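Contents: one structure, followed by commentary.
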Amino acid sequence: METQFHVKLDALRAKLLEMAARAQNAVEYATVALLQRDVELAERVIREDRLIDEIECEVDDMSLRLLALDAPVAVDLRSIVGMMRVAVNLERIGDQAVNIARQAKYLASRPALPFEENMHELCSVALDMLKTSIVALRQGDSLLAREVCRMDEECDDLDVEVIKELVNYMGYESPAVKRAVAAILTSRSLERVGDLATNIGEAVVFIIEGESIKHKICSQKNLL
């Protein structure tokens with residue numbers, strides 16, 4: 001028979017997954033706004049960020065009440081601590097989505113830069129990392145969570161390629177400097193989304209396996 005504590009723990013998990021869905025939508029909408037030069041969609045991302053912030057406060061409150069009033073131990077304690085870690089990273093992902101949306105609004109008001117292949121790919125990889133980390137969280141799949149760590153290297157490499165391309169372009173096209181800087185800031189925000197998704201993956205591993213893999217290099221060897 002399910003205890004009242006586990007009813008409350010399930011409610012916390014459901015609230016966290018709601019927050020995750022909103023954070024994922026924010027990044028997805030922000031990248032679409034960037035690539036399709038959609039100002040209205042960018043403004044929606046900026047406007048709705050407060051909802052992610054509000055849910056984070058609810059998650060914090062629910063978590064602290066469980067810790068203070070129910071004194072959980074072992075797996076339950078690990079689950080609550082891990083979910084609090086996830087919430088922090090989801091809130092930061094929402095902030096990065098806002099950063100992307102703001103740059104998207106600016107870039108949409110200026111002539112398009114003459115290249116975007118690497119930026120398209122970076123958007124795709126960062127969003128895929130976030131989606132994978134959320135699926136791992138929802139399904140309690142630590143192997144999938146570890147896969148996010150492996151994907152982070154590709155995200156970092158794409159960020160470097162985008163920045164190199166833009167810096168070279170600024171060297172011979174000085175009127176485009178402000179646009180190029182905005183695109184560089186966007187690239188850095190996308191790379192940061194990948195980092196934060198990796199943090200979520202690490203938190204999922206902690207919840208499921210009780211192992212802290214923060215600051216460890218995740219490689220294919222770790223997955224075998």
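The values are calculated or read from the model by the stated rules, or taken from the named source; none is laboratory data. Note that the structure is predicted; figures quoted are calculated from it, not measured. So basically every Cβ, Gly included, is an ideal-geometry build from the backbone, and we count neighbours across all protein chains shown. All accessible areas refer to the heavy atoms of the entire protein, side chains included, with ligands and DNA or RNA removed. Shrake-Rupley method; radii C 1.70, N 1.55, O 1.52, S 1.80 Å.
Step by step: first the residues of region 198-224, then only those that are modelled with pLDDT under 80 and part of a helix (DSSP H, G or I), then the one that is most open to solvent (accessible area, probe 1.4 Å). Which residue is that? In this case the residue turns out to be Lys221.
For region 92-123, the candidate set comprises residues that are in contact with a helix residue (DSSP H, G or I) (Cβ under 8 Å, 6 or more places away or on another chain) and among the small types (Gly, Ala, Ser); within that set, the residue that is most open to solvent (accessible area, probe 1.4 Å) is Ser109.
Do the conditions hold for Asp76, that is, is it over 21 Å from Val193 (Cα atoms), open to solvent by less than 50 Å² (accessible area, probe 1.4 Å) and part of a helix (DSSP H, G or I)?
Details: over 21 Å from Val193 (Cα atoms): yes; open to solvent by less than 50 Å² (accessible area, probe 1.4 Å): yes; part of a helix (DSSP H, G or I): yes.
In short, yes.
With respect to being within 20 Å of Val193 (Cα to Cα) and assigned to a helix (DSSP H, G or I), Glu58 falls outside the description. Restricting to region 83-113, name every residue that is farther than 22 Å from Ser124 by Cβ and modelled with pLDDT under 95. Within region 83-113, Ser109, Arg110, Pro111 qualify.
So which of Leu41, Leu51, Leu35, Leu17 ends up being aliphatic (A, V, I, L, M), within 17 Å of the chain's Cα centre (by Cα) and over 30 Å from Glu211 (Cβ atoms)?
Values: Leu41 fails: within 17 Å of the chain's Cα centre (by Cα); Leu35 fails: within 17 Å of the chain's Cα centre (by Cα); Leu17 fails: over 30 Å from Glu211 (Cβ atoms).
The unique qualifying residue is Leu51.
Do the conditions hold for Val7, that is, is it part of a helix (DSSP H, G or I), open to solvent by 60 Å² or more (accessible area, probe 1.4 Å) and hydrophobic (A, V, I, L, M, F, W, C)? Lay out the reasoning, then the answer.
Values: part of a helix (DSSP H, G or I): yes; open to solvent by 60 Å² or more (accessible area, probe 1.4 Å): yes; hydrophobic (A, V, I, L, M, F, W, C): yes.
Criteria met by Val7.
Among the residues making up region 141-197, those that are open to solvent by 80 Å² or more (accessible area, probe 1.4 Å), of a type outside the set (D, E, K, R) and over 23 Å from Glu28 (Cα atoms) are Leu143, Asn168, Tyr172, Ser174, Pro175. Residues of region 129-139 include at least one that is touching a Cys at 6+ places or on another chain (Cβ under 8 Å), hydrophobic (A, V, I, L, M, F, W, C), under 14 Å from Val204 (Cα atoms) and at pLDDT 95 or above. If Leu41 satisfies every condition in (1) surrounded by 15 or more Cβ atoms within 10 Å (Cβ to Cβ); (2) over 23 Å from Gly194 (Cα atoms); (3) among the aliphatic types (A, V, I, L, M) but one, which is the exception? Failed condition: (2).
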